[in-house]
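Have a look at the structure below, then the notes.
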Amino acid sequence: PQVLRDNNYLTMAEYQEIEKFAEEYFIDLVPNENGFVLSRRRWSKMGTYLELNYLKDLQGEFSSIEFDGEQPEPHIYVAAGELLPLMRLLREGAAFSFDRMGNITAVDYREYIEMVYMLYSRGFDKWVTVKCRLDREKPVAESMTQVWPGTEFEEREIYDLMGVEFLHHPDLRRILMPDNYTAHPLRKDFVPLQPKIEGGVLTWHRQKSSS
């Protein structure tokens, strides 16, 4: 197909690259008078939630799994030690085939950090949410890049803003804040650090108490 872009036509290779990107990140190509625009796909368009009988089967495989079967869309809670093998099964198991990580984030509940993963299976048009609670003082989880390589930047963002360390991540470093910034801006107890030039180098320090 020929698609207009700023009065120029895309090549087939360029269009295929855009299609690949859009599929990877759940983006729709919406036609308009100038060619098309990229529009984020809503979860409501992504099929149905994984059925309860599959959740029970998973619970038989992983002893730490918990879920509330009374909920219309029960979230799977799993211990950090079983997170990676569970995710491998959800990705590679023929009965699941969750080939896309739709969203990955972290929530600070003050007592613990909770990782949240939303998975989608294109083959079965199903989705499921997996959650994992981490120790707040030292939150550590296996990197999902081992299963879905495209989560690299999302995990870097979580590492930067929430302080979660991802084991076996290929390039775990800050993505927004300076490398020598020691605080995590999305933590509930975050207090901005004060900048200071020391020896020609920008450093960051905690605010001194006024008392």
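The values are calculated or read from the model by the stated rules, or taken from the named source; none is laboratory data. Computed from a predicted structure; not experimentally measured. Virtual Cβ from ideal backbone geometry, glycine too; neighbours counted across all protein chains shown. In case anyone asks, the SASA skips ligands and DNA or RNA and just uses the protein heavy atoms, side chains included. Shrake-Rupley method; radii C 1.70, N 1.55, O 1.52, S 1.80 Å.
Some notes on this structure:
- Residue satisfying all of: in the range 168-209; basic (Lys, Arg) and part of a loop (DSSP other than H, G, I, E, B); farthest from Val107 (Cα to Cα) among these: Lys208
- Failed item, numbered, when Ile158 is tested on (1) of a type in the set (A, V, I, L, M); (2) more than 29 Å from Glu92 (Cα to Cα); (3) modelled with pLDDT of 95 or more: (2)
- Positions within the range 110-121 being more than 16 Å from the chain's Cα centre (by Cα) and free of Cβ contacts under 8 Å to residues at least 60 places away in the same chain, in sequence order: Glu111, Tyr112
- Taking the conditions (1) at pLDDT below 65; (2) assigned to a loop (DSSP other than H, G, I, E, B) in turn, Ser64 satisfies each one other than (1).
- Selection status of Tyr117, of a type in the set (Ser, Thr, Tyr), surrounded by 15 or more Cβ atoms within 10 Å (Cβ to Cβ) and at pLDDT 95 or above: yes
- Note on the range 71-135: enclosed strands (runs of 3 or more DSSP E) holding 3 or more residues that are farther than 16 Å from Thr145 by Cβ are 112-121, 126-135.
- Within the range 65-107, restricting attention to residues that are out of contact with any Gly (no Cβ under 9 Å at 6 or more places or on another chain) and among the charged types (D, E, K, R), the residue that is least open to solvent (accessible area, probe 1.4 Å) is Glu82.
- Which listed residue is of a type in the set (A, V, I, L, M, F, W, C) and modelled with pLDDT under 65, from Leu50, Leu38: Leu38
- Cβ pairs under 9 Å, 6+ apart, first in the range 85-107 and in contact (Cβ under 8 Å) with a residue 24 or more places away in the chain and under 17 Å from Leu134 (Cα atoms), second among the polar types (S, T, N, Q) and in a helix (DSSP H, G or I): Met87/Gln146; Ile104/Thr151
- Residue pairs whose Cβ atoms lie under 6 Å apart, separated by 6 or more positions or on different chains, with the first residue in the range 170-183 and in contact (Cβ under 8 Å) with a residue 24 or more places away in the chain and the second open to solvent by 50 Å² or more (accessible area, probe 1.4 Å) and among the aromatic types (Phe, Trp, Tyr), are Leu172/Tyr159.
- Of all the residues in the range 171-191, those that are within 20 Å of Gln146 (Cα to Cα), open to solvent by less than 90 Å² (accessible area, probe 1.4 Å) and not acidic (Asp, Glu) number 3.
- Annotation: Ser211 fulfils all but one of (1) at pLDDT below 95; (2) of a type in the set (Ser, Thr, Tyr); (3) under 16 Å from Ile113 (Cβ atoms); the unmet one is (3).
- Count - residues of the range 137-167 that are over 27 Å from Leu55 (Cβ atoms), open to solvent by 10 Å² or more (accessible area, probe 1.4 Å), not hydrophobic (A, V, I, L, M, F, W, C) and not in a strand (DSSP E or B): 7
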